[in-house]
Amino acid sequence: MHPRRRTDRTSGKLLLMTSPPPTPPVAGLLLAAGAGRRFGGPKALAQVDGEPLVLRALRTLTAAGCDPVRVVVGAAADQVRALLPDPAQAVLAEDWASGMGASLKAGLTALQSVDAPKAALVHLVDLPWVGPDILTRVSARATAETVARAAYHGVPGHPVLLGRRWWAEIAGAARGDRGARDWLATREDLTLIECGDLGSGRDVDRPGDLPGPA
């Protein structure tokens, strides 16, 4: 805890106060590599209110204080990378077509070279109803050993917060379309953080799922 000093106006005495410790640095990891077969094309390029979903999700991670942010690309990689304010944020998942596991592995492996973050907040590109307040609530639990995820009225969802201690283990276990689900299923220390009061964790599966013009 970090002490602060304040004078009591009634007694004139100097009081020693404490403020909560700062939240450890949290990296943002946006998975945006899918081909969107049911959707009809890469969801990263789809737009809501004229804004591509990849930029909407990136903006949400940045607003929640995540730094650095890495965006895992695969399908239409050149097009998605060209949309990013900093193309260096992109991480190519070479075997992206094998499923989300490849994207998660590529992203966590890339973050290993960044020293500061104690945890990674894993977000998906097709969650336009997940706002920065949800990401902030989840990332507030960050430590190097955290295993946590958002829940919406008791149903587990995204984002998922993964402490740095587990990155290599998760990357090694990530397979196919299941991402980290099998690994998370073994964790008795998984914390669900209720976020249903802040928004919906519903994903975009087909074009009709996108919100229409206001």
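Things worth noting here:
- Over region 41-199, Cα pairs under 8 Å with separation of 6+ residues give a relative contact order of 23 percent.
- D_trans [Stokes-Einstein, Kirkwood Rh over alpha-carbon pairs] for region 112-165, 20 °C, 1.002 mPa s, µm² s⁻¹: 185
- Loop-located trypsin sites (Lys or Arg not before Pro) across region 33-118 with a Cβ neighbour count of 11 or fewer within 10 Å are Arg37, Arg38, with loop assigned by DSSP.
- Sorted by Cβ density within 10 Å, fewest first, the residues Glu94, Glu188: Glu188, Glu94
- Viscosity 0.692 mPa s, 37 °C: Kirkwood-radius Stokes-Einstein D of region 141-197 over Cα pairs, µm²/s: 280
- Loop-located trypsin sites (Lys or Arg not before Pro) across region 147-214 with a Cβ neighbour count of 13 or fewer within 10 Å are Arg187, with loop assigned by DSSP.
- Taking a quarter of the surface of the Cα convex hull of region 41-199 gives a mean projected area of 8.8 nm².
None of the figures in this text is laboratory data; all of them are computed from the coordinates on show. The structure presented is a predicted model; accordingly, all values stated were derived computationally and were not measured. Every residue, glycine as well, gets a Cβ built from its backbone with ideal geometry; the counts of neighbours run over all protein chains shown.
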